[in-house]
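Below: one structure, written as structure tokens.
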Amino acid sequence: MQKANPSGHQEGLGGDLHYLLLLTILFLTFLPVIRAKVKEVKTKCHDITAVVEVKDILKSSLVNIPKDTVNLHTNSGCLCPLLSTNEEYIIMGYEDEERSR
């Protein structure tokens, strides 16, 4: 049996397994996966650039991502949640090999 706690997460083995399964699916689907701290978010027309400090590379890809400050690009059509500066996130996404980003 599962019950919701005040944070909205489910308690119990079923909730934990569901959460782990979801993370596994996301991890296998996206390239790359990094842990990063957001330094700045810039918006120009429909393009959004997040300047992040890469803390850890959890899954590498064809595009080289250094453990340094890098720019991550997306567009306003992305359904990603807004990023807050000075917060750390696990970031998963697609890469653009042609532009090496």
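Quick one: THR49 ticks every box in (1) outside any strand (DSSP E or B); (2) over 11 Å from the mean Cα position of the chain (by Cα) bar one, so which box is it?
Among (1) outside any strand (DSSP E or B); (2) over 11 Å from the mean Cα position of the chain (by Cα), the lone unmet condition for THR49 is (1).
Would you pick out the residues in the range 77-99 that are in a loop (DSSP other than H, G, I, E, B) and at pLDDT 85 or above? First the steps, then the outcome.
Residues of the range 77-99 in a loop (DSSP other than H, G, I, E, B): 77-87, 93-99.
Those that are in a loop (DSSP other than H, G, I, E, B) and at pLDDT 85 or above: LEU83, SER84, THR85, ASN86, GLU87.
Restrict the check to the range 11-20 and report whether at least one residue is assigned to a loop (DSSP other than H, G, I, E, B) and modelled with pLDDT under 70. I'd like the intermediate steps shown before the answer.
Taking the range 11-20 as the starting set, the residues that turn out to be assigned to a loop (DSSP other than H, G, I, E, B) are 12.
From the residues that got through so far, the ones that are modelled with pLDDT under 70 too are 12.
Yes, the conditions are met somewhere in the range 11-20.
The values are calculated or read from the model by the stated rules, or taken from the named source; none is laboratory data. Just so it is clear, the model here is predicted, and its values are computed rather than measured.
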